[in-house]
Structures are given as C-alpha cells and as structure tokens.
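Encoded as structure tokens, the structure appears first; notes follow it.
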Amino acid sequence: MNRALPLVCVLLILAGCADTSPQSNESPEASISSISPAEPTEGETVTFIGHGTDADGDVVGYRWNSELDGELSRLATFETDSLSVGEHAIDFMVQDNNGAWSPEAHGSVKVVPAGDALTTVKTFEALPWTIETGESVTLLWNVSNATSVSIDQDIGTVPATGSVVVTPDETTTYVLTATGGASTATANVTVTVQQPDVSRVTLTADDEMSGYIRSSGVERTTGIYVGDDDANRDIQGFLTFDISDIPDDAVITRVTVDLSAYDIPYDLPFPGLGCLRAYVHEYASIRDQYWTKDLTDPIGEWCDFDDLDMPTHSIGFRDALKDELGERYFQFRLQFSDPRSDWDDTRDLLHWERGILPTMTVEYYCD
C-alpha cells in the first residue's frame, strides 16, 4: 500500500511539468507614411502610402477606409482620383499571418470642389539659373487650378505645365501669373547672366546718309520725315549709322535706339497712322524702294508718344546689327505701315532735324 504512493507522486509531478496552454500572438502595428496632396481638388489624384510591422510574424494584409467613401483599398500603397468632395477621416489597418488585425492608424484628406479650388503655382524654376552671355536657360513650371497662365518678358500665354527655352542678354526676372476663378497666383524666378567686360559706343545717324523718301522715289537728306502728306501719300524715313569702329568679331549684347529728339511740325501721326516700325534695309538700296510689299518682321516698334520718348532696345535691333558687322554702314527704314495713310488730307508727320538725329547705343564684348 505504501509503495504506491511514490508512483502517484511521480505521475503528479510529471503532469505538472507539461505546458498545455496555447501560444500567444502579438498584434501587428499599422502606420500611415503619407497622404498626398492633403487638400486635393475634386478629380485630382491622391496617393496613399502605408506600412505595417509584426514582431512575431509577417504582415500579409492591408485595409484603407474612408469615413465618407467606405473601403478604399487593400494595398499598402495606392492612388485614386475618385474621392468624394469633403473631409475624409482615413483609417488604415494591417493584418498578420495569424489573421490578427492591428489597431487603426488615423489620417485625413480634404477634397475641395473644382470651382472653389485656389490657383496654385506648385513650381516655377530656371535650369540653370546662372549662365554666361549668349547661353540659354530652360524655364519650367507646374500650376494647378488655373484657367490661364502667362509669363512676362514677351513669352506670353503658356500651358498649366510646361517649359520654354530663353536666352536673356542680361540678368532677368521672369514673372509667372496664373488665374483661375476668383483667385490669382504669381511666382518669379531670376536668371543671372554673367557679363564679360562690355564696351559701349553711342552712334548718331549720319546727316548726309539719313533722310526720307517719297512714293515717287525722290530721296532727301535734309532731316527725316515719317508719316503722310496732304495728298495722303506716305513718307518713309531712313537712318544710316557708321559702324566701322565696332570690331568684326564683336559679340553684340544690346542695341538701344533713341528716337526721342523728334518734333511735330504738322498734325499728330499717332494714333491715326498706327504704329511706327523699323525694318532692316540694305545700305544704299533705299532709292525707288519707298514701300516694300513683302515686309519682313519689324526690328522695332513704337505705338504712341510714350514709346517714342523712351530709348528702345530689342532683340531685333541686336540681331540685325550682328548680321551687318564687317560692313561700313548699318541702315534701317522707318514707316507707318499700318495703315499707310489716315486719309484726312493733312500732313501727319514726325520730324528729326539735321544735327539732332536719333542715336544708337551698342554694347558688345570681344572673345
């Protein structure tokens, strides 16, 4: 009887050593990395990025949920452009390989109606932003919620996203203006042009080789007239400059023409005769060519007296003079070509007197 007691005790001890309770599982953890953009316009693509960790296993499932739209996705990362307008409370959960779901991670996104969205300039940059004279730069931009986008410096209307190549001849600030609905946004970028040592020379039109020409082909060098006469015939002027002192290998950076020394001996040519325009004309060929039917693009333009009173520089003058380097003279024609006459039977003329003729300032450097 007593010998059975140790056996019972041994069995009880062995039974107590065995661990028969089930193994525990730790829940995974969910985290939202980003929801971008945080305030999109209706129809705009939104990117959701999330991830999860599991200390004792692997993450195998994902679930995104919107308080407004319900379940959005079962992927860790996804994009959608169909979110409803309004403020979305976002929940994100992950599941481990044992079937357990994590506590919810929380985020938010606000979808704005397209008509109420603010116009925004997301980016406006220049690559590169510093150049040498004569080099080019690319302007790049990205604008949202705009019905019109434009850039100054004669670039004009552009698409909402795009690029353009420019070649400024001096340090220039470009201003982008975007408009949409009742909002307007602007941005600017400055391109720095590193200038070499620049020479500058101011030339005055030659008295003996500058003048005007009538429709008959009669040429005069007794000052300059431009406009029309009392018989409604147009009169064109021409300016001739001696450029022989500018080196043949000069790099022209700017040409500035000053027409401000005019007088008005008769009636006003503006606005009846349109804009005063300058056209390249090969030296010594002005005779019998008072009017050219096939006009090239003008190299300069003045549309009122305010324009005429200010010295004017343009790429047109610069490029035209570049083409004439190595020649003795540079000549261009002035005319009101839009229209040729205002048909009022009066003299509508601009006049420059001999000895007080227009000037041309040339800036250049030599390699």
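When the chain is fully extended, how far beyond the present Cα-Cα distance does ALA100 get from GLU29, taking 0.36 nm per residue of separation?
24.5 nm
Please list 123-129, 28-34 highest first by mean number of surrounding beta-carbon atoms within 10 Å per residue.
Output ranking for 123-129, 28-34: 28-34, 123-129.
For the range 120-194, what is the convex hull (Cα atoms) projected area averaged across all directions, in square nanometres?
4.2
Residue farthest toward the positive end of the dipole of the chain, with Cβ of Lys/Arg at +1 and Asp/Glu at -1: which of GLN153, MET310, ALA89?
ALA89
Defining a contact as two alpha carbons under 8 Å apart and six or more residues distant in sequence, what relative contact order in percent does the chain show?
In percent, rounded to a whole number, it is 14.
Test of understanding: express the Cα radius of gyration of the range 83-231 as a ratio to 2.2 N^0.38 Å, with N the residue count.
My calculation over the Cα atoms of the range 83-231 gives 1.98.
Per DSSP helix of 4 or more residues, -39500 (n - 2.57); summed, then divided by the residues of the chain. What does that give at 222 nm, rounded to the nearest 500?
Theoretical 222 nm ellipticity from helices: -2000 deg cm²/dmol.
In the range 170-231, how does Rg compare with the Kirkwood Rh, expressed as the Rg/Rh ratio over alpha carbon atoms?
Rg divided by Rh gives 1.34.
Can you give me the angle between helix 315-324 and the longest principal axis of the chain, using Cα atoms only, in degrees from 0 to 90, rounded to the nearest 10?
For helix 315-324, the angle is close to 60 degrees.
Roughly how tilted is helix 4-17, in degrees to the nearest 10 and between 0 and 90, from the longest Cα axis of the chain?
Rounded to the nearest ten degrees, it is 10.
Applying the Karplus parametrisation 6.51 cos²θ - 1.76 cosθ + 1.60 with θ = phi - 60° to the phi angles of the range 354-360, what ³J(HN,Hα) value in whole Hz is obtained for each residue in order, glycine and proline being reported as x?
Values per residue, Gly and Pro as x: 4, x, 10, 7, x, 10, 9 Hz.
In bins 10 Å wide, starting from 0, what share of all Cα pairs of the range 33-119 does each bin hold, as a percent?
Each 10 Å bin holds this share of Cα pairs: 18, 47, 24, 9, 2.
Would you work out which of PRO40, PHE330, THR221 lies farthest towards the positive end of the dipole of the chain, given +1 charges on the beta-carbon of Lys and Arg and -1 on that of Asp and Glu, about the Cα centre?
PRO40
Give, rounded to the nearest 20 debye, the magnitude of the charge dipole that the chain has about its Cα centre when Lys and Arg contribute +1 at Cβ and Asp and Glu contribute -1 at Cβ.
1000
Using 1/(1 + (r/R0)^6) with R0 = 41 angstrom and r between the beta carbons of ASP169 and THR77, what's the FRET efficiency to the nearest 0.05?
E(calc), rounded to 0.05, equals 0.30.
Could you list which residues have their amide H under 5 Å from that of ARG254, counting only those 5 or more apart in sequence or on another chain, with H placed in the peptide plane?
Long-range HN contacts for ARG254: GLU363.
For the ranges 346-358, 162-174, what's the packing order if you count other beta-carbon atoms within 10 Å of each residue, average per peptide, and put the highest first?
346-358, 162-174
Specify which residue in the list THR346, ALA117, SER210 is farthest towards the positive end of the charge dipole of the chain, using unit charges on the beta carbon of Lys, Arg (+1) and Asp, Glu (-1), about the Cα centre.
Of THR346, ALA117, SER210, it is ALA117.
For mean projected area of the Cα convex hull in nm², the listed values are (1) 32.4; (2) 37.7; (3) 19.0; which was obtained by calculation from the structure presented?
(1)
If I take every Cα pair under 8 Å that is 6 or more residues apart in the range 210-260, average their sequence separation and divide by the length, what percent do I get for the relative contact order?
It comes to 30 percent, rounded to a whole number.
Quick one: length gained pulling ARG354 to ASP249 fully straight, 0.36 nm per residue minus the C-alpha distance?
Computed gain between ARG354 and ASP249 is 34.6 nm.
Quick one: grab Rg to one decimal and Dmax as a whole number for the range 199-366, Cα atoms only, in Å.
15.3, 51
Based on the Cβ-Cβ distance from SER215 to LEU118, what FRET efficiency comes out when R0 is 51 Å, to the nearest 0.05?
FRET efficiency, SER215 to LEU118: 0.30.
LEU72's amide H: which non-local residues (gap 5+, or another chain) put their own amide H closer than 5 Å, with H modeled 1.01 Å from N in plane and none for Pro or chain starts?
Residues meeting the criterion, in which the H sits 1.01 Å from N, are TRP64, ASN65, SER66.
Could you run the Karplus curve 6.51 cos²θ - 1.76 cosθ + 1.60 with θ = phi - 60° over the range 72-78 and give me ³J(HN,Hα) per residue in whole Hz, x for Gly and Pro?
9, 6, 10, 10, 5, 10, 7
Every read-out reported here was derived from the displayed coordinates using simple, explicitly stated rules and does not represent laboratory data. No experiment lies behind these values; they were computed from the predicted model shown. Please note: Cβ atoms are built from the backbone with ideal geometry, for glycine as well, and neighbour counts cover all protein chains shown.
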